[in-house]
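In what follows, a structure is listed as structure tokens, so that the remarks can point back to it.
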Amino acid sequence: MKRFTALIAQLEMSNKTNDKIAALVRYFEEAEDLDKPYVIAMFTGKRPRRPVSTSLIKEWATELSGVPAWLFAESYHSVGDLSETIALILPPPGRTTDLPLHQWIRALGDLNGQSDEVKKKFITDAWDSLDMQERFVFNKLISGNFRIGVSNKMLVNALAKQSHTESNKIMHSIMGKWKPDEISYQDLIGGAHVDTDRSWPYPFCLAYALDNEPESLGDVKDWQAEWKWDGIRGQIVKRGGELFIWSRGEELVTDQFPELHFLADELEDGTVLDGEILSVKDGKVQSFSVLQQRLNRKTISKGQLANAPVAFYGYDLLELKGMDQRGETLAIRRKQLTEVIKTIKTEGIVVISPTIEVGSWEALALLRADSRSNNSEGLMLKKLDSLYHSGRKRGDWWKWKINPYTVDTVMIYAQKGSGRRANFFTDYTFAVRDGDQLITIAKAYSGLSDQEIKEVDAFVKKNAIEKFGPVRTVKPELVFEIAFEGIAESKRHKAGLALRFPRIARWRKDKKAAEINTLEDLKQLLHSTL
Amino acid sequence: MALIRFTNKGIYCKQGDFYIDPWQPVKLAVTTHGHADHVKWGNQAYLCHELTKPILLQRLGPELHIQTLAYGEEITINGVSLSMFPAGHVIGSAQIRLEYKGEVTVVSGDYKVEYDGISTAFEPVKCHTFVSESTFGLPIYKWLPQQVIFDQINNWAHSNQEQQKTSVLIAYSLGKAQRLIKGLSEADRPIYVHSSIANLNDAFIQAGVALPETIRISPDIRKEELQKGIVIVPPALADGRWIKTLQQAATGVCSGWMQVRAGRRWRSADAGFALSDHADWPGLLSAIKATGAEKIFVTHGFTATFSKYLNEIGIQAEEVKTQYGTEDDETAISAPENPAIKEEAD
């Protein structure tokens, strides 16, 4: 437990990926073998059943700390994390213990089905035997929810480095089916429970943003134009009778998309497709927010399957009959891709991403301007004679995105952030003018630098008019330009409309509150997009 | 009638016609300690503890009219007898005790109850009315004994050295810096200090304070030498260019706010050490109870929360708006709550 607590402290101390990986490598060098599968399970979101409810934990902690419930709540608000609040607010421990991590986790698992008295005794005894840092980690073990900035990819890289194994193999084995109490660290890393020789994906070919006029690219006839879809870029790998779906972050996401599992039967072995996972209803690509309901879930309900059905829009073909095709030109790969997709019997789920045939850059620019109407983010331009490169290379592939919509608003409410930003007013609500009233249209928190956040924070502290719990009403003075991707009617919002992905584009220090946009401006935009 | 009033210039004693820690220029400023939020330039005369004098001369200039007192020494101003008692916050910090016709009020400024090895230890003073800070007035703030923190810092410095990193501690030049110098001097590692700290140290040494040896950072000190020691710089330099020129600097912030993970991450320091010159939650409560006061005025910090709690446990308390806690080290590092707004907002 002490070694794991030290790891958590190290991971939290650095923002640098290299430091984090180094800390993980050291941990997997030094930790007890029995602990390691549990740590991997935890960091990849394999959560054990929660043995004790949050409300009981809170109740016991409040009781032990001897502070009134409102003061516990105030403290929680200031800290921003319940596990941490409890660790800090409890009286100092009366004794020490050095139980290994896996024993703590197993003991917590054994609490399932026990009476509340048994649970309470176990938890409070544990609190009394752990120091502050360990308590925090222990509380996180109860919730099973560690959010400390370790992505699957980062963990896999560390494991690969520690065990001198290829990272894709490790990704495959840890994404496979295993239980931390049934597998040894060696077997897990070695992939004893899966066949890691088949799953590996190719590095994705990536594009740069077009920073010039498209005319600079030469003749439009040398280029393939297609929609830049806003979904999850993915690779579908079919080898040895097994199907694997990789996301661009090189995470194995096969389980998240059951609609695509039929490909295990309908794709030929030795086939790898590059494309976009999208939510598609009645042949129309849905916005990313629809697809989002489906992401990073352990289980997918029938309702989610019906609300956000998934399809795969193919961009490219990387492997055919077991042969690497990346050395062929795009024109040839595209032809092969068309053939492969034709062989798929189930129709309408895996389709080829359409290309756009026009005679001039101007015609293309006109179509691009209308990208939003089909929920795409703009266009992709790929040179017809280009090979499939590993990673980002200038010149052959370009993304030609549309600019976001913007609106000038004034900040009217501010609230403290959570986590890193718990002590600063970082979450803001913005309004536009509606006659002589101000009407709320968006809430946003990202997009400002730390320095700007400090400035706004100081403004809020000086100009708070009213206080509703954690929220402050502030003098409507600061003007922010809000960027957003779409606009929709909404009955839930007073304004009657809602912005999609609103974020702060910039702080318009040059503008006064009198110069902001009106609700009428936004309504006009809404009607123009319907 | 109350001995003190809270005015827009500061804490005012009408009977004695003087202010305590005023933030606007007045005739006589009685000064609790030398932090910038408690003492301003421009007062006609200052009255402070004898060890605060060198700080004021250093910081506000040599042309000041300063009268000093020793701890326990008493003078009478317009019939009000005034004396100073150690507040344990920084060197020279004093609680101001006022007595008039048997009525005793104590203004504590900033204080901490743990003895830090360098500032004279806090001494509770019996009174009828007590003015208390509440910088860390939440039950999540409970300090570990300072030796535990010094051990943490030494271990951290040791591991930095092994990784060929330079250990840079971020600490306010008045108070925290001297405390660190004293606490870390036992480890066999040279301590390098920024000139703003070195200047204050020189002033203290001249005034007769015993401080362990330190080395003033100058351009001719080689970066490799710094790497073998510990470097202490004030918060103003924390994000500056100078640190970036060091060989792989590892920065460690020393502040009570480092108790909370959000505070540590916000500072984006490599390490945070919860070492504070303010009283923690148990410290505030024990200090207040020890005064036996009937009435507590709660200034800068978690004023609303802390005074509500005091009232609930049967100690009459009222929150007061002041301008303290704005330029102090800990609040400068991360201010979670501004008492001023709570006042306006409620």
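Values quoted throughout were computed directly from the atomic coordinates according to the rules given, and no laboratory measurement underlies them. Note that the structure is a prediction, hence the values are computed from the model and not measured. Note: ideal-geometry Cβ built from the backbone for every residue, glycine included; neighbour counts use all protein chains shown.
Quick one: of A:46/A:121; A:462/B:176; A:36/A:121; A:177/A:302; A:467/B:142; A:20/A:238, which pairs are farther than 31 Å apart, Cα to Cα?
A:20/A:238
Quick query: amide H of residue B:293 versus all other amide H atoms, modeled in the peptide plane; which residues come in under 5 Å with a sequence gap of 5 or more or a different chain?
Long-range HN contacts for residue B:293: B:127.
So what is the orientation-averaged projected area of region A:405-529, using the convex hull of its C-alpha atoms, in nm²?
It is 7.6 nm².
Shape of region B:146-273 from its Cα gyration tensor (a ≥ b ≥ c, root eigenvalues): rounded if a/c is under 1.5, otherwise prolate when a/b > b/c, or oblate?
Because its axes are fairly even, with a/c under 1.5, region B:146-273 counts as rounded.
Note down the nm distance, to one decimal, between modelled labels 7 Å out along Cα→Cβ at residue A:215 and at residue A:248.
Placing both labels 7 Å beyond Cα along the Cβ direction yields 3.0 nm.
Net charge around residue A:130, counting only other residues with Cβ within less than 11 Å of its Cβ (Lys, Arg = +1; Asp, Glu = -1)?
Spelling it out: positives minus negatives among the neighbours equals -2.
Assuming a viscosity of 1.002 mPa s and a temperature of 20 °C, what translational diffusion coefficient in µm² per second does Stokes-Einstein assign to region B:61-143, Rh being the Kirkwood radius over Cα pairs?
152 µm²/s
If each of residue A:355 and residue A:387 carries a label point 7 Å out from its Cα toward its Cβ, how far apart are those two points in nm?
For the pair residue A:355/residue A:387, the computed spacing is 2.0 nm.
May I ask you to list the trypsin sites (Lys or Arg not before Pro) in region B:59-139 that are in a DSSP loop and have at most 14 other Cβ atoms within 10 Å of their Cβ?
Passing both the DSSP loop test and the Cβ count: B:101, B:126.
How large is ³J(HN,Hα) for each residue in region A:389-404, as worked out from phi by the Karplus curve 6.51 cos²θ - 1.76 cosθ + 1.60 (θ = phi - 60°), to whole Hz, x for Gly and Pro?
Calculated HN-Hα couplings, in order: 7, 8, x, 9, 9, 6, x, 9, 10, 10, 9, 10, 7, 7, 6, x Hz.
Within region A:202-238, list the residues whose amide N lies under 16 Å from a label point set 7 Å along Cα→Cβ of residue A:367.
A:214-215, A:219-229
If you take each beta carbon of peptide B:135-142 and count the beta carbons of other chains within 10 angstrom, what is the mean?
Mean partner shielding for this stretch: 6.
Binning at 10 Å from 0, report for chain A what percent of all alpha-carbon pair distances ends up in each bin.
3, 15, 20, 24, 22, 12, 3, 0
Short version: what are the Cα gyration tensor semi-axes of chain B, square root of 5 times each eigenvalue, largest first, in whole Å?
After scaling each eigenvalue by five and taking roots: 35, 23, 17 Å.
Listing A:167, A:360 from the residue with the fewest other Cβ atoms within 10 Å to the one with the most, what is the order?
Taking fewest neighbouring Cβ atoms as first place, the list is A:360, A:167.
Which FRET efficiency value, to the nearest 0.05, do you get for residue A:143 and residue B:126 by plugging their Cβ-Cβ distance into 1/(1 + (r/R0)^6) with R0 = 56 Å?
0.75
With r as the distance between the Cβ atoms of residue A:208 and residue A:523 and R0 = 51 Å, compute the FRET efficiency 1/(1 + (r/R0)^6) and round to 0.05.
Once rounded, the FRET efficiency stands at 0.85.
Suppose R0 equals 25 Å. What FRET efficiency, 1/(1 + (r/R0)^6) with r the Cβ-Cβ distance, do residue A:346 and residue A:295 give to the nearest 0.05?
Here the calculated transfer efficiency is 0.60.
With θ set to phi - 60° and the Karplus curve 6.51 cos²θ - 1.76 cosθ + 1.60, what are the ³J(HN,Hα) couplings of region B:233-244 in order, to the nearest whole Hz, using x for Gly and Pro?
Each residue of region B:233-244 in turn: 10, x, x, 4, 8, 4, 9, x, 6, 4, 4, 5 Hz.
Work out the length of the dipole vector of region A:405-529 about its Cα centre, built from +1 on the beta-carbon of each Lys and Arg and -1 on the beta-carbon of each Asp and Glu, and round it to the nearest 20 debye.
So the dipole magnitude of region A:405-529 works out to roughly 480 debye.
Measuring from label point to label point, each 7 Å out along Cα→Cβ, what is the residue B:158 to residue B:321 span in nm?
Each label point lies 7 Å from its Cα, and together they span 5.2 nm.
How shielded is A:73-80 by partner chains, expressed as the average number of their Cβ atoms within 10 Å of its Cβ atoms?
The mean count of partner-chain Cβ atoms within 10 Å per residue comes to 5.
Towards the positive end of the charge dipole of the protein assembly as shown, with charges on Cβ (+1 Lys, Arg; -1 Asp, Glu), say which of B:51, B:247, B:86 has the farthest Cα.
Ranked along the dipole, the leading option is B:247.
Filter the chymotrypsin sites (Phe, Trp or Tyr not before Pro) in region B:1-66 down to the DSSP loop ones having no more than 13 other Cβ atoms within 10 Å, then list what survives.
Listed in order of number, the matching sites are B:41.
Which one of A:359, A:263, B:106 is farthest out on the positive end of the charge dipole of the protein assembly as shown, using unit charges on Cβ (Lys, Arg +1; Asp, Glu -1) and the Cα centre as origin?
The residue sitting farthest along the positive end of the dipole is A:359.
Rank A:41, A:439, A:504 by how far each Cα sits towards the positive end of the charge dipole of chain A (+1 on Lys, Arg Cβ; -1 on Asp, Glu Cβ) and give me just the farthest.
Value computed over the given set: A:439.
Can you compute the charge dipole magnitude of region A:205-401 about its Cα centre, using +1 on each Lys and Arg Cβ and -1 on each Asp and Glu Cβ, nothing else charged? Give it in debye, rounded to the nearest 20.
The calculated dipole for region A:205-401 is roughly 440 debye.
Amide H to amide H under 5 Å from residue A:441: which residues, 5+ apart in sequence or cross-chain, H placed 1.01 Å off N in plane?
A:430, A:431, A:432
Magnitude of the Cβ-charge dipole of region A:2-143, K/R +1 and D/E -1, about the Cα centre, nearest 20 debye?
400 debye
Distance between the C-alpha centers of region A:433-484 and region B:178-203? Whole Å please.
Centre-to-centre (Cα) distance: 43 Å.
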